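Please treat every number below as a calculation from the coordinates, not as lab data. In this text, all values refer to a predicted model and were calculated from it rather than measured experimentally. Note: ideal-geometry Cβ built from the backbone for every residue, glycine included; neighbour counts use all protein chains shown.
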Amino acid sequence: MNRIGFQDVEVQNYLDGNSIDWYDRINQTGFRNEFNTSISGRKGGLNYYWSIGRQDNEGITVGEEFEAVRSRLNLDAKINDWLTVGANMQFAKTDQYPNNAGRNGSIPAQRLQIIRSSPWGSEFDAEGDIRFSPQDDNGAGAVNAFLRRTFSERITNNHTFNSRVYAKIKLPLGFSYEVGYVNRLEFLEYYDFYSQASPANLVGSAERDNRKINEWQLDNILRWNKTIDKHTFDFTFLVYAEKFQSFRTIGRANTFEPSDALGFSSLERGTIQTIESEDVTTTGDAYMSRLSYNYDSRYLLNFVMRRDGFSAFGADNKRAYFPSASGAWVVSEEKFFNSNFVNFLKLRLSYGENGNRNIGNFAALSRLGAGNFLNTDANGQAIQVPTFNNETQENNDLRWERTKAFNAGLDFSFMDGKIEGSIDAYRNITDDLIIERQLPNIIGFDNVITNLGEIENKGIEFAVSTQNINKENFQWNTNFNFSLNRNKINSLYGDLDEDGNELDDLENEWFIGEATDIIWGRQEVGIWQTNEADQAAEFGVSPGDFKILDVNNDGLLDVEDNVFQGYRLPRYRWGLTNSFTFFKNIDFSFEIYSNWGQKRLFNLAKGRDGFIDRTNFWQIPYWTPENPRDDYARLFSNDGSATFNVYRDASFIRLNNVTLAYRFPTKLVEKLSMSRARFYVNARNLAVWAKDWDFFDPEPVNIEGRVRNSQGNFNNDGIAPLVRFFTVGLDITL
């Protein structure tokens, strides 16, 4: 057994018949509990609503947990005929850190150890202490999945308080005025400690991260509404301002003396300490005017002009204007329209511009990066000299990314509302794209955030609802939707070749006239078989390795052999929901949806992800001379002289949401001093059928699949099992 790489602990466990199924040890059936209660009512001119709820959820990985407490209070009081005031307040406390799952309050087991830990390893040693590596072979990445969880302490608190107070004043001549003030306070606390007692650590380390966010928004709205015979006018004018402030301090320490027993509660005991801070302030403002016109509920017009401002843009372009206009014709209200089948028919047409300000806080500013330069002092000793390096060049002309949207639509209702739906077609042009562009080193800056390029999106959306059967003891309703989107790059940086054609961006795989989610590269076209050994050798590979398409048949695999292979985003999406009611009290519904035409990265087919001769591995097929497959390579396959990615069709149809509910009879609930009671069971993500994808869930979190790892290669996103959710609930209304 030592000959095949087994360590002593693996040999002994094999002989003793001991093994660990790491998949079952690391995964679990997670239980989720959620309780919500609310009170609402009206007394005099006061409307009130209050709710409070608590969540306590477990994930599918041991140690993966989430807790939350939320509460909401709404008050609306009519003081007199012309004044109404109100307040909406929300509070939430969670143990999740926003946009950073690695800082959440729970410390789950390391899922990757499912394929790195040996089934004949041991979680504990002879003394009952947790082992560093189950098979004493951490060089292959096999460390105990529970090390971090066992020797760590972590507290994450996220307190959020949102509030809005408002006043509505009714003025003469059809005017009204509303003022609203919104404030958001968020307090983030993250305390983490990893003890020196862990066999993975030489020293202990601790961190305290405290952040306070204060954000306010103020809006003033003046409205005028007037109806003259069949003409209705509605005018709205908005003045808006906002301010965002964030204050953050992070303290870190390691190598504690005399011990790290106090962890993050005593950072001053660390002999190596660092501190960093970041304060951020942004401001924004807006003016908006809107005029709506309605003639006899037949002809509708709407005109809007906005001026938006945001402090993060360049000094010369902090504000921009965004107009829009729309019109509608309700054909079914015309005198000439007379149809017993078509009850409602409305044509819509709109054009609008909007801006994207999602550029970060410092995109337009020149930024410096700190570093160290190795030098020698007068005695010839090596020393580090602090340095500052230019990174991003200032751009005072950085302006809003702008999208011009055209839309045409049709709303309809047939057979007295038994069939209702809408059809929309759109075409969006986005220009002045906010892009980070690399700069020549000779000018002293690495890059600049600038406005370049143009992207076009167009597509159609269709939705229809039907009342299929409507009997006293049986009802059946259906909702269906379908959408498709096509995009293409009209221009990029404006760089031209000698023929005057704009150049593509090969590094980012962006091509003029092609979609932004295009897959481009060398394409595998099967597996070299044993009778093709000589041909395979010409490309530096062997039977069992992937065969790459040599487009120009020159015997070389280079950029000239790159081809377009498909798309990362779905080409079509559709969804179907059916709802049934039996005997007035039993409800049943199910939802199906599908994404079709997309491809996903699947380099696992190369059979060399990790140290598969020394660790566990996913159970996937592989090529052998006795099993000459054409879709999976041999174990430890070789790319040869050409780097490439393997893609698989990830089209799927999913049975997503199934609910069965029973509404208790009115007479029964009234005897129990209740107005309504409903018991239900729900199942989500019950099943999925995929055309070619047979490995875990075909739908990844990062659906575009363009996330790169530290080596610059595309990640195998979505290596996680299909997670199913089952819920049992009781709704009671008093």
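In debye to the nearest 20, how big a dipole does region 572-733 give about its Cα centre with +1 on each Lys and Arg Cβ and -1 on each Asp and Glu Cβ?
Numbers: 21 positive and 17 negative charges, 135 e Å.
The dipole magnitude comes to about 640 debye.
Once the C-beta distance of ASN531 and ASN552 is scaled by a Förster radius of 22 Å, the resulting FRET efficiency is 0.35 to the nearest 0.05. Listed cross-link partners LYS230/LYS418; LYS318/LYS488; LYS488/LYS599 are compared with a 21 Å cut-off, the Cα-Cα value being larger for LYS230/LYS418; LYS318/LYS488.
Please work out whether region 547-623 counts as rounded, prolate or oblate from its C-alpha gyration tensor, where a ≥ b ≥ c are the square roots of the eigenvalues and a/c under 1.5 means rounded, while otherwise a/b larger than b/c means prolate and anything else oblate? Could the numbers behind the result be given before it?
On the way: a/c = 5.76, a/b = 1.92, b/c = 3.00.
Verdict is oblate for region 547-623.
An ellipsoid equivalent to region 321-420, defined through the eigenvalues of its Cα gyration tensor, has semi-axes of 67, 16, 6 Å when rounded to whole angstrom and sorted largest first.
Label sites at LEU672 and THR283, each approximated as a point 7 angstrom past Cα along Cα to Cβ, lie 5.8 nm apart. Applying a DSSP loop filter and a limit of 14 other Cβ atoms within 10 Å to the chymotrypsin sites (Phe, Trp or Tyr not before Pro) in region 505-586 leaves PHE583. The chymotrypsin sites (Phe, Trp or Tyr not before Pro) of region 29-96 meeting both criteria, a DSSP state outside H, G, I, E and B (loop) and at most 12 other C-beta atoms within 10 angstrom of the site's C-beta, are PHE31, TRP82. About its Cα centre, the chain has a charge dipole of approximately 4540 debye under the convention of +1 per Lys or Arg Cβ and -1 per Asp or Glu Cβ, with nothing else charged.
Between SER542 and GLU215, the contour length at 0.36 nm per residue exceeds the Cα-Cα span by 111.6 nm.
Using R0 = 25 Å, the C-beta based FRET efficiency linking ASN508 and PHE725 works out to 0.10. Distance between the 7 Å Cα→Cβ label points at GLU276 and PHE583: 6.4 nm.
I need the calculated FRET efficiency for the pair LEU686 and SER339, taking r as the beta carbon distance and R₀ as 45 Å, to the nearest 0.05. The partial results should precede the final answer.
Values: r = 42 Å, r/R0 = 0.93.
With a Förster radius of 45 Å, E is 0.60.
Straight distance only, please: which lysines reach the Cα of LYS43 with their own Cα at less than 30 Å, same-chain residues fewer than 8 apart left out? Answer for LYS43, where 30 Å is the Cα cut-off: LYS78, LYS168, LYS170, LYS667, LYS671, listed by chain and number. Putting +1 on Lys and Arg Cβ atoms and -1 on Asp and Glu Cβ atoms, find which of TRP689, TRP623, THR577 reaches farthest to the positive end of the dipole of region 572-733. Of the candidates, THR577 comes out farthest on the positive side. Bridgeable aspartates and glutamates around LYS584 (alpha carbons under 18 Å apart, same-chain partners fewer than 8 residues away excluded): GLU472, GLU670, ASP731.
When every alpha-carbon pair in the chain is counted, what percent end up more than 37 Å apart? Could you put the intermediate results ahead of the total?
Details: 164634 of 269011 pairs.
Above the 37 Å cut-off, the chain has 61 percent of its Cα pairs.
The simple spin-label model puts a point 7 Å past each Cα toward its Cβ; for GLU178 and PHE664 those points are separated by 3.8 nm.
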